[in-house]
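Working notes, beginning with the structure itself.
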Amino acid sequence: MDKREAREQRWYVGIDVSARELTVAWGEGGEEEMKLECYANTAAGHQRLLRHLRGLRAPVEVCLEASGNYTLDIALALAKAGGAIQVSVANPRRVRRFAESLGQRSKTDPVDARALCQYVARMPFVAWQPPSAAALGLRAITRTIAALTRMNTQQKNRQHALSASQALPALLLRELEHQIGYTEKRMVALRRAAVRLLSSDAQLLRRWQYLQTIPGVGESSALTMLGELAVLPETLDERQWVAHSGLDPKHHVSGSSIERKTRISKTGNRYLRALLYMPALVAVQHDPALGGFYHRLVARGKSKLQALVAVMRKLLHAAWGMFHHDQPYDGAKLCPQI
């Protein structure tokens, strides 16, 4: 191998993450030369993998799927390693569509690792920027609160059904009341913990306060919204925020005979997409700027749901503007009268 070939050598690594194991495929871009190895998904296993990657003695591009807490520790370890190791965290749906385009019908850990290896070799590389510890902690707390809220709603629905029947034991109703009371106490405690966490980070605290200046966004909604937005890289623009949430429009037009109704892609953060609905609904009623924007869209022939989704996108634009220009909400700038 001459000096030019050595200088251009690059390794591509795909890691399929499960609860207990990391399935790692690596090679120089071709499927026929790919190798496969497994590591424990533990701190010791992560260090073994890092030693192996450093031993390749060439630039290394690593790709993982975004799969929640199981991916987080190894992604952080790879990002902190720095040097010749670069890490990318890919959208699982995109990786799956890529694998299908290669004709892969099976879904196993080795198959997924090889698909990730080919994905990082062939697709444009986007380096993952690890969020701050405070941002990660805030997102974990707010998602736990959201899970407890869903659980509490289910329990209240069961409570209503039990209270309508005289034939079922009263013991069950009392048990549900205890569970609901305990869950509500835990949610209150977690919200206080989230606010304490914000108090330790001046930028996050200021952004939480800015979000509350939007009509329709209260303390709890602002907390949950910030939990999802704080982990996004600072380099993303407002359109990329919309795409990240899955609120970007998906068009389907082919020739002159096929033109389906435009829908949102839903290829993104379902938590962020869901939590924007109620603030948008309230903002339409109480904010003249967003309310006027909504009614203008309806007057142009948009359905009420389409107009509301557009308001949800506007809320993301507003949050991006407040974060990047360090100022509170201004409806006149967000929805200028034309």
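The values are calculated or read from the model by the stated rules, or taken from the named source; none is laboratory data. All values reported here derive from a predicted model rather than from experimental measurement. Here Cβ is always computed from backbone atoms with ideal geometry, including for glycine, and neighbour counts include all displayed protein chains.
Quick notes on this structure:
- For segment 67-109, the set of residues classified as within 17 Å of ALA133 (Cβ to Cβ), more than 17 Å from the chain's Cα centre (by Cα) and surrounded by 12 or more Cβ atoms within 10 Å (Cβ to Cβ) consists of ILE74, ALA77, LEU78, ALA79, listed by residue number.
- Of the residues LEU116, LEU138, the single one that is in the same structural domain as VAL24 (by TED's automatic domain parsing), buried (at least 17 other Cβ atoms within 10 Å of the Cβ), at pLDDT 90 or above and not charged (D, E, K, R) is LEU116.
- Positions within segment 261-283 being of a type outside the set (A, V, I, L, M), outside any loop (DSSP other than H, G, I, E, B) and in contact with a Lys or Arg (Cβ under 8 Å, 6 or more places away or on another chain), in sequence order: THR262, ARG263, TYR271, ARG273
- Candidate set: segment 40-80, residues that are assigned to a helix (DSSP H, G or I) and either at pLDDT below 90 or assigned by TED's automatic domain parsing to the domain that holds LYS266 (or both); chosen: the one farthest from GLN240 (Cα to Cα): TYR70
Yes/no per residue for (1) within 28 Å of the chain's Cα centre (by Cα); (2) modelled with pLDDT of 95 or more:
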| site | (1), (2) |
| --- | --- |
| ALA299 | no, yes |
| ALA319 | yes, yes |
| PRO328 | yes, yes |
| PRO336 | no, no |
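- Every pair of residues 6+ apart whose Cβ atoms lie under 7 Å, when the first sits in segment 292-304 and is aromatic (Phe, Trp, Tyr) while the second is surrounded by fewer than 13 Cβ atoms within 10 Å (Cβ to Cβ) and in a helix (DSSP H, G or I): none
- Residues that are of a type outside the set (Asp, Glu), surrounded by fewer than 18 Cβ atoms within 10 Å (Cβ to Cβ) and closer than 16 Å to ALA230 by Cβ, drawn from segment 322-336: HIS324
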